[in-house]
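Below is one structure, written out as structure tokens; comments come after it.
None of the figures in this text is laboratory data; all of them are computed from the coordinates on show. The structure presented is a predicted model; accordingly, all values stated were derived computationally and were not measured. Cβ sites come from the backbone with ideal geometry, for glycine too, and all protein chains shown count toward neighbours.
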Amino acid sequence: MKNILFGVRSTVAAALVFGLSHAAFGATDLTVYTAVEAEDLKKYAARFNEDHPDIKINWVRDSTGIVTAKLLAEKENPRADVIWGLAATSLLLMKGEGMLHAYAPSGLDGLDSKFRDKSDPPTWTGMDAWVAAICVNTVESEKHNLPTPSSWKDLTKPVYKGHVAMPNPNSSGTGFLDVSSWLQIFGEDGGWAFMDALHENIGHYTHSGSKPCKQAARGEVAIGVSFAFRGAKSKASGAPLEVIIPSEGIGWDMEATAIVNGTKKLDAAKTLVDWSITEKANKMYNEGYAVIGIQRLAKPVEHFPDNIPQAMIDNDFEWAASNRKRLLAEWQKRYDSKSEPKS
Amino acid sequence: MATTAVQVGKGSGVLKSKSSSDDRVMRLFILVIGGYLVIALALPLYAMFSKSVFNSDGSFVGLSNYFSYFQTPALVYSIKNSLFVGIITTLITVTIAFILAYGFTRSRMRGKPLFKTIAMIPILVPSLLPGIALIYLFGRQGVINWALFGNEIYGPIGIIISEVFFTLPHALIIIITGLSIADARLYEAATALRASRIRIFFTVTLPGVRYGLISAAFVVFTLAVTDFGAPKVIGGDFNVLATDIYKQVIGQQNFEMGAVVSVVLLIPAALAFFVDRLVQKKQVALLSARAVALEPKPDRRFDNIMLTYAIIVSIFILGILGMCQFAALFKFFPYNLSLGLTNYQFDLMDGGGWNSYFNSIEMASYTAIFGTIIVFYGAYLVEKGKGFGVIRGAVQFLAMLPMAVPGMVLGLAYIFFFNAPSNPLNVLYHTMAILVISTITHFYTVSHLTATTALKQMDAQFESVAASLKQPFYRTFLRVTVPVCTPAILDISIYLFVNAMTTVSAVVFLYSPHTTLASVAVLNMDDAGDIAPAAAMGMMIFYTAAGVKVLHYLLSRGIESRTQAWRISVAN
């Protein structure tokens, strides 16, 4: 038994040595964790390689919740070198755990002040903002005689009963973004009162943030609380959708970039993070997102409502991150326990 | 067996030394297999139990995680919901399966092989697939959603229909076996006593099959309670334990609470398993060597009723499958129903694209090859090995344990164990190897039982004769045991392959970007709302599993005609 164990260990050691020497001779491989939409990943890597062909990106892509869980699970033994394209609120969690390497990338001054960690040097820098929005299926609305909502409060009117879907904040980053923004817009008591009323109209809660909009696109619900990017994409693919920016203002979060503490490839990681805030990168983000880190470069994006930058609330990310546990528990207590079988 | 060896040993000194060097090799191998099970099963489970009594900072908190679990109403409702789904599914599935099995064994209806094949289809698809089909059938835009009379498919109704679809073949296999061992002499006696058909049913048929029914009920219950796919896809806001684990770990990164829910989920599964083992032991005593096989007599009316019933069940199964295939081909349901292959552009979706599909085939092949070797050899050592009784008993126990461990629990346990920085095995984390190991372990028990059953049928004298001819045990193993057991070995490999293609629960925590799997891609695409591509990928899994199954059928017929001829001559 001891011999077998020794055998395993020496194989492991051999594999490690081989792996390291391999890395030293070839191009640098960077393991990059991301929640960027799957369809955009190849483009991102290709554009980066136009300027830095010697660094190969190995993507680890999953939804925000899963990538965050993975990173936290691997806290003691990180596998990622860089995080490129994950919610800032998730990165703040990791910052709190001391998992991020503080680094001021060159060109930091060009970024909008919202789009960077407040610490100096920052632990993360922003890429683009994804904003909450309401996806309304025009065909279904007509069928059920639903007026088009123009504000969050509209969604609590009895006429919408059973026609609204929203993401469960306990499993979706977008869901949490909604909840934390409502509490900031309406104040803590007003926010919960709003959600109490909204809960009466909710047909079902989903696990993912893009699902309500995709369900609205197929007419599975009439109205999906989701984010604008998803609505614009579904509209582009032919869904009878209207993307609404509610008048009270919208919550938002940004996709952001950070270096993982303890990476053995710090130089390559810095190169990538430097590139991630260049004008070229920002123009690339602008192909899908209306609001980007260097906003003066931004051009309007098709199917996106044009009043987004004005509607974005002054989101307090630190507050959201530090109150996350409490808010999620409160939400679960209020709305999740009502999900028992209706007998 | 042991006494034979001892007597032979006494007779000749040479033989004794020969068999003891054999023994040493055998003991080494059994330690290897035992070591595998300890690393792949016992230690990860231990890691999970210990995680449930620590807090996120890593300090020991005793049972306080459990207290806070039971003080959270939302989480405790899930226990009730899981039991509710489990019990209703069990009642429905066992009833449907029993009537179908009754038709297969007690009537002379036409088309039995065809209907049996159709009834086995659900084994070849991931449990997410029926949920997806139900959304297309009964969702808000569903093609026949009037059939629900305004009820919502999202929730217990959808979960239960999906689970019935998913568990039906498992119940059917067990109940057919139970009904097949009926003794024709009892029926003759009953008929001679002029008992009515109904009376015979209640006094002969039902008591005869009762252990099969109990066993089927426990298997269905365990599957329904621990399944993750159906509630994830169609559960809506109806929380069950399996989705709670996912939400705790993936949504809230609360690994400690995930471990607590895992332990809670382990309880009903383990309980059902051990009760079933007790019942199984009793059944063996019931079989009589002098039983005469029952040949059903033709009865036009009864045969037609059974045929109609089989057709209805087949429509249910094929309807769900067909709906999925159409869902995959519609360009934009329900607004553009023209057909096309746009939903097969997996590279534009979540879930890893076409790579996932090929990864799944690779993973399933490795699982089938290595799993069959490990399982069969392990069963051989437990069954035919000499001495070392305690270790062999321990291996036997570990081999039975995976049946009681839900996949979600195993997957989570693997994260805790294999990603610990102090564990030298953590190089396995994020590799294909860990997916293969977890899948072999997850499906170990049924494979092990198949191997054990085949090995038990072999006369123990093969080994003693071989020993007296001074043949080393491995020669007997390769020249006699393996060829004789070829059908069982093929069965094990196909079982492992198909399950590796369709499984979601354990691997959902373990895949990496380079090892995304088709079944997980179905889950992730559905999660992102891309339900049509999810259906398309699910059908790819089905076609692959079905293709391999057909290949297996042809192959096993060819091999059987060559290696199993002796069985026919024995029967004659």
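Consider just the alpha-carbon atoms of chain B and return their Rg together with their Dmax, both in angstrom.
25.2, 84
Residue B:300 to residue B:59: extension gain in nm, 0.36 nm per residue of separation minus the Cα-Cα distance?
79.6 nm
In Å, what Kirkwood hydrodynamic radius results for the protein assembly as shown from the alpha-carbon pair distances? Before the final figure, lay out each step's value.
Values: mean 1/r = 0.0335 Å⁻¹.
Answer for the protein assembly as shown: a Kirkwood hydrodynamic radius of 29.8 Å.
Go ahead and run the numbers for FRET between residue B:277 and residue A:333, Cβ-Cβ distance against an R0 of 41 Å, rounding to 0.05.
On the way: r = 40 Å, r/R0 = 0.98.
In this case the efficiency is close to 0.55.
Provide a whole-number value for the mean count of partner chain Cβ atoms within 10 Å of the Cβ atoms in peptide B:345-354.
The mean count of partner-chain Cβ atoms within 10 Å per residue comes to 3.
Between residue B:347 and residue A:280, what is the FRET efficiency for a Förster distance of 25 Å, r being their Cβ-Cβ separation, to the nearest 0.05?
0.55
Given N residues in segment B:353-405, what is Rg(Cα) / (2.2 N^0.38 Å)?
1.56
Of the trypsin sites (Lys or Arg not before Pro) in segment B:455-559, which ones lie in a loop per DSSP and count no more than 16 other C-beta atoms within 10 Å?
Details: sites: B:456, B:470, B:475, B:479, B:549, B:557; in loops: B:470.
Here the trypsin sites (Lys or Arg not before Pro) that fit, given the DSSP loop and packing criteria, are B:470.
Sorted from largest down, what three extents in whole angstroms do the Cα atoms of segment B:117-184 have along their principal axes?
Principal extents (Cα only, largest first): 51, 24, 18 Å.
Taking chain A as the reference, fit the longest principal axis to its C-alpha atoms, fit the long axis of helix A:173-201 to the helix C-alpha atoms, and give the angle between the two in degrees, 0 to 90, nearest 10.
20
Can you pull the semi-axes for segment B:422-535, root of five times each eigenvalue of the Cα gyration tensor, sorted largest first, whole Å?
The three semi-axes for segment B:422-535 are 40, 18, 10 Å.
Tell me which chymotrypsin sites (Phe, Trp or Tyr not before Pro) from segment B:135-185 have a DSSP coil assignment and no more than 13 other beta carbons within 10 Å of their own.
Numbers: sites: B:136, B:138, B:146, B:149, B:154, B:165, B:166; in loops: B:149, B:154.
Here the chymotrypsin sites (Phe, Trp or Tyr not before Pro) that fit, given the DSSP loop and packing criteria, are B:149.
Using only Cα atoms, locate the centre of segment A:276-328 and the centre of segment A:104-127, then give the distance between them in Å, rounded to an integer.
Here the answer is 14 Å between Cα centres.
With the cut-off at 24 Å, tell me which of the pairs A:75/A:264; A:56/A:264; A:211/A:280 have Cα atoms farther apart than that. Don't jump to the answer; show the numbers that get you there.
Working: A:75/A:264 15 Å; A:56/A:264 15 Å; A:211/A:280 31 Å.
Too far apart for the 24 Å limit: A:211/A:280.
For segment B:68-335, just the Cα atoms, rotate onto the principal axes and tell me the three extents in Å, largest first.
66, 47, 29 Å, listed from the longest principal axis down.
So for the protein assembly as shown, taking the charge dipole from beta-carbon charges (+1 Lys/Arg, -1 Asp/Glu), which of B:44, B:389, A:160 sits furthest toward the positive end?
Going by the charge dipole, the pick is B:389.
With the dipole of chain B worked out from charges on the C-beta (+1 for Lys and Arg, -1 for Asp and Glu) around the Cα centre, which of B:150, B:445, B:66 lies farthest toward the positive end?
B:445
With charges only on Cβ, +1 for K and R and -1 for D and E, what is the dipole size of the protein assembly as shown about its Cα centre, in debye, rounded to 20?
The calculated dipole for the protein assembly as shown is roughly 4680 debye.
Calculated FRET efficiency, residue A:43 and residue A:199, Cβ-Cβ r, R0 45 Å, to nearest 0.05?
Computed FRET efficiency for residue A:43 and residue A:199: 0.70.
Averaged over A:65-74, how many beta carbons belonging to a partner chain fall within 10 Å of each residue's beta carbon? Mind dumping the intermediate values first?
Details: counts 8, 9, 1, 4, 11, 7, 1, 5, 8, 5.
Mean shielding by partner chains, rounded to a whole number: 6.
Rank B:354, B:272, B:79 by how far each Cα sits towards the positive end of the charge dipole of chain B (+1 on Lys, Arg Cβ; -1 on Asp, Glu Cβ) and give me just the farthest.
Value computed over the given set: B:272.
Mind putting a number on the dipole of chain B about its Cα centre? Charges go on the C-beta only, +1 for Lys and Arg and -1 for Asp and Glu, and I need it in Debye to the nearest 20.
2460
When the Cα centres of segment B:480-531 and segment B:111-150 are compared, how far apart do they sit, in Å?
21
At 0.36 nm per residue, and after removing the present C-alpha to C-alpha distance, how many nm does the segment from residue B:464 to residue B:557 gain when stretched out fully?
That works out to 30.4 nm of additional length.
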